[in-house]
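Here is the structure we will look at.
The values are calculated or read from the model by the stated rules, or taken from the named source; none is laboratory data. Small disclaimer: the values here were computed from a predicted structure and weren't measured. Here the Cβ positions follow ideal geometry from the backbone for every residue, glycine too, while neighbour counts run over all protein chains shown. Ligands, DNA and RNA are stripped out before the accessible areas are found, and what is left, the full protein with its side chains, is counted by its heavy atoms. Shrake-Rupley method; radii C 1.70, N 1.55, O 1.52, S 1.80 Å.
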Amino acid sequence: MAICRVESCNLGKMENLSNSDENYDLGYQPSPSFVDQNDQSIPETPGYSTLSGESFVYGRTCSETSAFSDPIDDHSCCSEASPSHWPPTRSMAQNQAVLSRLGTKQRGSNEDEKQLDYLESLELELEMMKERFAKLLLGEDMSGSGKGVCTAVTISNAITNLYATVFGQNLRLEPLNPEKKALWKREMDCLLSVCDYIVEFTSKSQNLSNGTALEVMKSRPRSDIYVNLPALRKLDAMLIEILDSFEDREFWYAEDGSVSSNSSRTGSFRRVVKRNDEKWWVPVPCVPPCGLSEKARKHLRHKRDCANQIHKAAMAINSGVLAEMEIPDSYVASLPKSGRASIGESIYRFMLGTEKFCPDYLLDCLSIASEHEALELADSVEASMYTWRRKACIKHSKPSWGMVKELMSDVDLSDKNHILAERAESLLFALKQRYPELSQTSLDTCKIQHNRDVGQAILESYSRVLEGLAFNIVAWIEDVFFVDRAVTSQE
């Protein structure tokens, strides 16, 4: 009897639950009183409850198909079975679905991280470009008071600083770091883009449809930029290519730079040669015990010749751009009154006393011992040259120093000042050829500081840094040959 009563109660309860499901499907939610009225025959025992209110809320929170959020009390029942009584097939399907969603989320998170890193890199580049643009506008005067340098000097300093950042620590014959190579290309493209808007106007004839000929003005890149900038870009690419060619090499460099003569490398096949020079910071190359192979020597000679030609081309462009710059009035005011007193009595007598002047013989007689002495001689010779040129043109009524080049063609070639100026110029050229690592003279520095032409500033700074890089590559190759000769002579 008790069993039949329980079964009848269960059947009545199932009917009520089915009605409740139908009401849910119709959008109607029964009140708790409706359920209690049909459930009066069942005693409320906590142990019989299949799912408590707290666990029900947790299950609904995790479910993605839930459409209701009304709270249900402990007296109400649910037609769904508890998670512990789910059918096995349904549990496997849901587990696979959950795992697939987790895998998709993991792959999506990796892609999101890559996208986030890319956006962060773009943001950093944008901030860097903002900083460069602000410095160009402010003239490197962060106070904004208008006391900064002009745009030409700012761009020149930017190119010089960029070269120091990228190549300042690169003192070896090895490929450039990819990050630094990308930095050099990106920043130089930005700085050189200014030249795309430096144009000059030329007249061009244009025929109309009715046969009328008109003369119109057409813009084109300025002649000096049109000629020199593509050449400098080509030299830049060639220098980077030379460094990239030393990826696989037979020589290497000592880890700690210059190694002292009393250091020993017992049990090592490396051989380090101590150089007796002042550049202690330059790394010392090392070669195998038997020296370099003939193939490696041929490759080094070829790259040295290429770098040497690049150095000469960059130096020629730099000298031409500096020659076209206007001489500042401050430098003219500082010129000595007598070129003889500036250059010295012995050099003056040699330059004026001989009928045929040989600058190389004069340099041999001077026995210049250091770069500092060579730079002092270059400054004095250059100052004397412009002093004699000014005296040669003093008979003309035009006082402008910018007309000196044109006036020199009208000067008597037999004039003593003209002869001394020409010989001083040849001596200065020979001095720069003999000491290519010579720093800029006082006139060159003064021209760069007072230059207002943006195009000339870009060409001068670009050619100057390429000239320095080419010279360094030649010097590094010579260091390798020096070590190779020392090792082979010892063998």
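Using a simple spin-label model with pseudo-atoms 7 Å out from Cα toward Cβ, GLU355 and ARG220 lie 4.9 nm apart. Per-peptide packing, taken as the mean over residues of other Cβ atoms within 10 Å, places 306-318, 287-299, 162-174 in the sequence 306-318, 162-174, 287-299 from highest down.
When you count the other C-beta atoms within 10 angstrom of each residue and take the mean per peptide, 194-204, 151-161 line up highest first as 151-161, 194-204.
The per residue volume of the convex hull around the alpha-carbon atoms of region 108-221 is 251 Å³.
Which of rounded, prolate or oblate describes region 284-368 when judged by the alpha-carbon gyration tensor and an a/c cut-off of 1.5?
Prolate is the answer for region 284-368, as a/c is 1.5 or above and a/b outweighs b/c.
Take MET238: with every protein chain present and a 1.4 Å probe, its accessible area is about 70 Å².
The modelled label-to-label distance for the pair THR202/ALA134, using points 7 Å beyond Cα in the direction of Cβ, is 4.2 nm. For GLU200, the residues whose modelled amide H falls within less than 5 Å of its own, excluding neighbours fewer than 5 places apart on the same chain, are ARG220, ARG222. Between the beta carbons of ASP117 and MET238, assuming R0 = 51 Å, the FRET efficiency works out to 0.90 to the nearest 0.05. Summarising the label geometry, the points placed 7 Å from Cα in the beta-carbon direction at ASN161 and SER245 lie 3.4 nm from one another. Once the whole set of protein chains is in place, how much accessible area is left on LEU362, using a 1.4 Å probe, in Å² to the nearest 10? My reading of the accessible area for LEU362 is about 10 Å². Among the listed pairs LYS130/LYS218; LYS180/LYS303; LYS135/LYS312; LYS180/LYS432; LYS234/LYS432, those whose Cα-Cα separation exceeds 26 Å are LYS130/LYS218; LYS135/LYS312; LYS180/LYS432. The phi-based Karplus calculation (6.51 cos²θ - 1.76 cosθ + 1.60; θ = phi - 60°) puts the 3J(HN,Hα) values of region 232-245 at 5, 4, 5, 5, 4, 5, 5, 5, 5, 5, 5, 5, 5, 6 Hz, whole numbers, x for Gly and Pro.
Working ranking of peptides 461-473, 439-451 by packing, defined as the average number of other Cβ atoms within 10 Å per residue, highest first, is 461-473, 439-451.
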